[in-house]
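The values are calculated or read from the model by the stated rules, or taken from the named source; none is laboratory data. Predicted, not measured: the structure shown is a model, and the values here were computed from it. Backbone-built Cβ (ideal geometry, glycine too); neighbour counts: all protein chains shown. Just the protein is used for accessible areas: all its heavy atoms, side chains included, with ligands, DNA and RNA removed. Shrake-Rupley method; radii C 1.70, N 1.55, O 1.52, S 1.80 Å.
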Amino acid sequence: LTPPTIHDHHVHTPLTMSTASSESSPAAYDRTAELHALDTTYAGVRGLVASGVTHVPRIFRVPDQHHEPRQDGTVPAGQEPAAIPIIDLGCGDHTAVVAAVRRAAAQWGFFKVTGHGVPEDTMAMAMDAVRAFHEADGGEGSDKARLYSREPARAVKYHCNFDLYQSPVANWRDTLYLRMAPTPPDAGDLPDNCRNALFDYAHQVKSLGNTLFELLSEALGLKPSHLADIECNQGQVLLCHYYPPCPQPELAIGTSRHSDGGFLTILLQDEIGGLQIFSEDQWVDVAPTPGAFIVNIGDLLQLISNDGFRSVEHRVLAKNVAPRVSIANFFGTHIDPTSTRIYSPIKELLSDENLPLYRETLAGDYIKHYYSIGLDAKTALSHYRL
Ligand code: OGA
Ligand code: NI
């Protein structure tokens, strides 16, 4: 491999990455070589920032033609900013909780939950563990180098952008990936400083997930065990994200717009903010709420609910204030690309007025299709629409 050419003398990093804008010297830019150079540091975007980068390298730059207005959620004076619902699961009124979940899942596809029963300590220790992992050095011989991989079969891995070589824009973010179910990983594969905290976190969030699947089943008018009976909760993957501070946040994106591929996501974000959902043709901030989880519907739940629930696009803005940590817990996706389970709109929901909107879909096919696209606008689901 030929080392990438030096294009910009502002950047003094072990990587000599292009920071020129696309107008100048287009021919001198070898994107694949620059992606590869970043990849082989085993230190991700965090390594780039730690080395003192002051300009966003070109592989991360959002092309102008795709550059949407950055909206900060400001609204005309006198108007309340739009916000996703907050549901207190511990309020004691089961009927009211089911009704609130039904409305939120149908209208927003996103809601926050409090009174969820996951101990504060578990949440804080998981976030601290993720931060410590990402803030440790990379490079030869490190935990990061040992875990650096995009190999689908690996249950525990670390990487900078799962779709680095497919996506048009690299995201300003690194990820520790843990597949916890159906088969838990070998404890020895987890980084030492994360093991207990993330096993405990996964265990607690799994039981919150079971509660939510019961509520969502009831919200669809089905018996509480319906979604668990068809194994929507079988797979569990944690994506432990780290968004380093970005020197030129308006030129980059933390996570490109996408919808989640599985059935359900439970997200924990720190106090930095940056998550937005696309609702009624505009980007709406999902502001941090201490102690709450963010819950969102994934594509496969939209499919089996026959559009009763919505899988909504979202993204994360890059920020320059401080690093941001989040843990996304996915149920039912990233499982097994060879899965032979077939999903289609739930029969009990169909009638002459509610005809099936999607064809029968092999779960494994859906996952493969989702990954072949990479993070982009919500396009995977439309492939299965009748
Ligand atoms: C995701 C995601 C949001 C966040 O991992 O799918 O949307 O806040 N993450 O990191
Ligand atoms: Ni997502």
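Only one entry in 299, 260 is closer than 16 Å to residue 84 by Cβ, within 15 Å of ligand 2 (Cβ to nearest atom) and modelled with pLDDT under 95, namely 260. Among the residues of segment 184-208, the ones that are farther than 19 Å from residue 154 by Cβ and of a type in the set (A, V, I, L, M, F, W, C) come to 3 in all. Does segment 164-176 hold any residues that are out of contact with any Pro (no Cβ under 9 Å at 6 or more places or on another chain) and surrounded by fewer than 20 Cβ atoms within 10 Å (Cβ to Cβ), and which are they? Passing the criteria: 164, 165, 166, 167.
For every residue, the table says whether it meets (1) at positive phi; (2) crowded, with 17+ Cβ neighbours inside 10 Å; (3) touching a residue at least 60 places away in the same chain (Cβ under 8 Å).
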{"residue": "123", "(1), (2), (3)": "no, yes, yes"}
{"residue": "138", "(1), (2), (3)": "no, yes, yes"}
{"residue": "146", "(1), (2), (3)": "no, no, no"}
{"residue": "178", "(1), (2), (3)": "no, yes, yes"}
{"residue": "182", "(1), (2), (3)": "no, no, yes"}
{"residue": "192", "(1), (2), (3)": "no, no, no"}
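Could you tell me how many of the residues in segment 328-356 are outside any loop (DSSP other than H, G, I, E, B), open to solvent by 10 Å² or more (accessible area, probe 1.4 Å) and closer than 28 Å to residue 134 by Cα? Number of matching residues: 1. So which residues in segment 251-303 are buried (at least 21 other Cβ atoms within 10 Å of the Cβ), β-branched (Val, Ile, Thr) and more than 9 Å from ligand 1 (Cβ to nearest atom), if there are any at all? If the condition is that a residue be buried (at least 21 other Cβ atoms within 10 Å of the Cβ), β-branched (Val, Ile, Thr) and more than 9 Å from ligand 1 (Cβ to nearest atom), then 253, 266, 277, 284, 295, 297 are the ones that fit. Quick check on my filter: what residues within segment 234-250 are among the polar types (S, T, N, Q) and either crowded, with 23+ Cβ neighbours inside 10 Å or closer than 18 Å to residue 47 by Cβ (or both)? Answer for segment 234-250, where residues must be among the polar types (S, T, N, Q) and either crowded, with 23+ Cβ neighbours inside 10 Å or closer than 18 Å to residue 47 by Cβ (or both): 236, 248. For residue 187, the conditions (1) within 16 Å of ligand 2 (Cβ to nearest atom); (2) out of contact with any Pro (no Cβ under 8 Å at 6 or more places or on another chain) are fulfilled apart from (1). Within segment 293-308, track down each residue that is farther than 14 Å from residue 212 by Cβ and part of a helix (DSSP H, G or I). Listed by number, the residues that qualify are 299, 300, 302, 303, 304. Within segment 233-250, being more than 10 Å from ligand 1 (Cβ to nearest atom) and in contact with an Asp or Glu (Cβ under 8 Å, 6 or more places away or on another chain) holds for 235, 244.
If we scan segment 82-104, do we find a residue that is modelled with pLDDT under 95 and part of a loop (DSSP other than H, G, I, E, B)? So far as segment 82-104 goes, yes, one or more of its residues are modelled with pLDDT under 95 and part of a loop (DSSP other than H, G, I, E, B). Which ones in segment 310-327 are more than 16 Å from residue 135 (Cα to Cα) and either within 12 Å of ligand 1 (Cβ to nearest atom) or crowded, with 24+ Cβ neighbours inside 10 Å (or both)? Once the filter is applied, which keeps residues that are more than 16 Å from residue 135 (Cα to Cα) and either within 12 Å of ligand 1 (Cβ to nearest atom) or crowded, with 24+ Cβ neighbours inside 10 Å (or both), segment 310-327 yields 311, 312, 313, 314, 315, 316, 317, 318, 319.
Quick grid of which residues meet (1) open to solvent by 50 Å² or more (accessible area, probe 1.4 Å); (2) acidic (Asp, Glu); (3) within 30 Å of residue 55 (Cβ to Cβ); (4) touching a strand residue (DSSP E or B) at 6+ places or on another chain (Cβ under 8 Å):
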site	(1), (2), (3), (4)
189	yes, yes, no, yes
198	no, no, no, yes
202	no, no, no, yes
210	yes, no, no, no
219	no, no, no, no
225	no, no, no, no
231	yes, yes, no, no
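Residue count for segment 168-212 under the criterion of being touching a helix residue (DSSP H, G or I) at 6+ places or on another chain (Cβ under 7 Å), of a type outside the set (D, E, K, R) and part of a helix (DSSP H, G or I): the result is 6.
Against the definition (more than 16 Å from ligand 1 (Cβ to nearest atom) and part of a loop (DSSP other than H, G, I, E, B)), how does residue 372 come out, yes or no? So residue 372 fails the test.
When segment 233-278 is examined, which residues are found to be in a loop (DSSP other than H, G, I, E, B) and touching a His at 6+ places or on another chain (Cβ under 9 Å)? Break it down into steps so the answer makes sense when it comes.
Here is the first cut: in segment 233-278, the residues in a loop (DSSP other than H, G, I, E, B) are 233-235, 244-248, 252, 259-263, 270-274.
235, 244, 247, 248, 259, 260, 261, 262, listed by residue number.
Just one of (1) within 13 Å of ligand 2 (Cβ to nearest atom); (2) in contact with a Cys (Cβ under 7 Å, 6 or more places away or on another chain) fails for residue 278. It is (2).
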